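A short reminder: the numbers here are calculations on the coordinates, not readings from a lab. Keep in mind that this is a model prediction, so the values were computed, not measured. Positions of Cβ are backbone-derived with ideal geometry, glycine not excepted, and every protein chain shown enters the neighbour counts.
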Amino acid sequence: MSEAFFPPAGGLSGQLRPPGDKSISHRAALLGAMASEPVTVRGYLHAADTDGTLAAVQRLGALVEPRGDDVVLRGTGIRDAREPEDPIDVGNAGTLLRLLPGWLAAQRGHTYVLDGDESIRRRPVRRVLRPLREMGAGVSAVGDRLPPLTITGAPLHGVDWQLDVASAQVKSCILLAGLSADGHTSVTEPTVSRDHTERMLLAAGVSVAREGTTARVANIDELALGEVRVPADVSSAAFFIAAGLLVPGSRLLLRDVGVNWTRTGFVRIVQRMRGIVLGEFEPPDAPLVADEPVSDLDVAHGALEGTVVEAGEVPAAIDELPLVALLGAFAEGETVVRGAQELRVKESDRIAAVVGGLRALGADIEATEDGFAVRGTRGLRGGVIDAGGDHRMAMLGAVAGLASREGVTVRGIEAAAVSYPGFVKDLAGLC
C-alpha cells in the first residue's frame, strides 16, 4: 500500500479534460464484443476496471486492438461467445460483474464462471440472478447471493421486470439478455437510472422504447455499432468540481464532459448548494437518442449552503454522494442524504467509509441506515484517511487535503487507478 500527502492548496486554476467515461467504456467494450462487424471506440478509458473488461471479452472470443486512446473490437456476434476453460476474472469491476451475465445467459449449452478480487466477492448479485432465472437461464452464486457467479446459457424468453431499487447495472443486464430472448423484454425502475446502455443499443440498430421509467427491447439477430465516442467522465470531473468549489481562489474549465441528465445529479445538487458550475446541460425531458450530450464546465470557488438529497435524486448522483458529504462539511447549515442504501454495496460500504474517513479529518458527520447527515463547520482540520481499496475514497481524500487546514495523507492512493490512473498528476497540474 502506498500513501501520498495532499497539502492545503492556495487556489486551483487551468483547464483539463478528464479521462473517458468509465460506464460508457465498459458498455462499448461489451457491445463491441457482441457486434457482428468491427467497432471503433474513440477515447476509451484505459484503467484497471475497463481494461479488465477488454481482457474478459478477449477470453470470450473477441479480438481487441488498442490504438492509443482508441480501441478496435472485432466481436463474436450476439450468440457465439466462446466458453473459456477457466473462470473470467472481473477484478474489482462491479459493472462487468453485473452486465456480462446478460450476454452470457443466451450462450446455449455453455457455462461461464465470473470471479474477482476480495471486494467483488462481497458484492451481492441476487438482483441479477432473479430476472435471468425468470428468463430461463441457469445461474447460481455462493449462498445464492455472492460471487463467484456461474451462468449456464439457455433459450431465453422475454420478461416484464420491475426493480425495487433503480440500478443501471441490473437494468442493462436484463436488456442485454432481452436481445436474445423470445418476444419483448422490459425493465421498470422506481426512478430512471443512467441510460448509456439504451443509447448505445439505439446506435447499434436496436429498437429501444422508453416510456416513463420503463425501457423495452425485442429480440434481434445482430448489432451494428460502428463507432462510439466516449466523452470525459462526469464522475471523474466531479472531484475537480468539488476541489474548485472548496479551495479559495479557484477557477477551472473542465472540457468535453458528458452531461447526460441521468448522470448529472451531482451538478444539480451542487447548484442547489449555491455552487458555481456553469455549462450546457441536457434537460430532464430530452428524448432518448443515441448521442451522448457533452459540455465544457466552468467551476469557481464560492460559499455553499447545506441541502437535503432525497431518494429520487440518488440514482443520478450515486457515485458522487461521498463528495456531497465533503461539500457539506464546508457548507452553511446541515446537509442530509437519504435513500442511498446502495452505497453500502459498492467497492466498500461507502456510507461507513465516508463517515469514518471525514470524521477522522474533523467533520461533524453521522451515518444513517440509508445515508448520512453532516453539519457544516469551519471545514476540515486534516489528518489521515484510508482508501480501503476504493478508488473514489482515494480521490475524495486527495480533494479533502487541498481544502483542509493541515493537509491529508491518503493511504492506498494507488486505488485511484481503478478509474483514473493519472488523477494525482492531473490534480497537481491544477495546483
Rounded if a/c under 1.5, otherwise prolate or oblate - the chain, Cα gyration tensor axes: prolate
Simple spin-label estimate for residue 378 and residue 213 in nanometres, 7 Å along Cα-Cβ: 4.4
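Quick check: net charge around residue 75, other residues with Cβ under 15 Å of its Cβ, Lys/Arg +1 and Asp/Glu -1?
Values: positive: 27, 59, 74, 79, 82; negative: 37, 65, 80, 221, 222, 227.
Residues near residue 75 contribute -1 overall.
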GluC sites (Glu not before Pro) within the stretch 73-177: DSSP coil, no more than 13 neighbouring Cβ in 10 Å: 85, 118
Loop sites in the stretch 56-129: trypsin sites (Lys or Arg not before Pro), DSSP, at most 15 other Cβ within 10 Å: 79, 82
Between the stretch 243-299 and the stretch 145-207, the alpha-carbon center distance in angstrom: 28
On Cα atoms only, tilt of 350-360 relative to the major axis of the chain in degrees: 20
Cα-projected label distance for residue 118 with residue 63, points at 7 Å along beta-carbon direction, nm: 4.1
Surrounding net charge for residue 367, when Lys and Arg each add one and Asp and Glu each subtract one, Cβ distance under 13 Å: -1
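Multiplying the sequence separation of residue 184 and residue 83 by 0.36 nm and subtracting their Cα-Cα distance, what value in nm do you get?
Using 0.36 nm per residue and subtracting the Cα-Cα distance, I get 33.7 nm.
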Cα gyration tensor, the stretch 307-370 - rounded (a/c under 1.5), prolate or oblate: oblate
Residue 366 paired with residue 152, simple spin-label distance in nm, labels 7 Å along Cα-to-beta-carbon: 5.1
Share of pairwise Cα separations in the stretch 112-217, more than 19 Å, in percent: 44
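Length gain on complete extension for the stretch residue 409 to residue 278, per 0.36 nm per residue less the alpha carbon to alpha carbon distance?
On the way: separation 131, 0.36 × 131 = 47.16 nm, distance 3.12 nm.
Extra length from residue 409 to residue 278 when fully extended: 44.0 nm.
From the Cα gyration tensor of the stretch 1-157, with a ≥ b ≥ c the square roots of its eigenvalues, which class applies: rounded if a/c is under 1.5, or else prolate if a/b is larger than b/c, or else oblate?
oblate
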Euclidean distance between Cα centres, the stretch 46-70 to the stretch 124-138, Å: 26
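Please report the relative contact order for the chain, taking Cα pairs under 8 Å with a sequence separation of at least 6, and give it as a percent rounded to a whole number.
Relative contact order here is 18 percent.
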The chain, helix-only ellipticity at 222 nm - DSSP H runs n ≥ 4, -39,500 (n - 2.57), divided by all residues, nearest 500: -9000 deg cm²/dmol
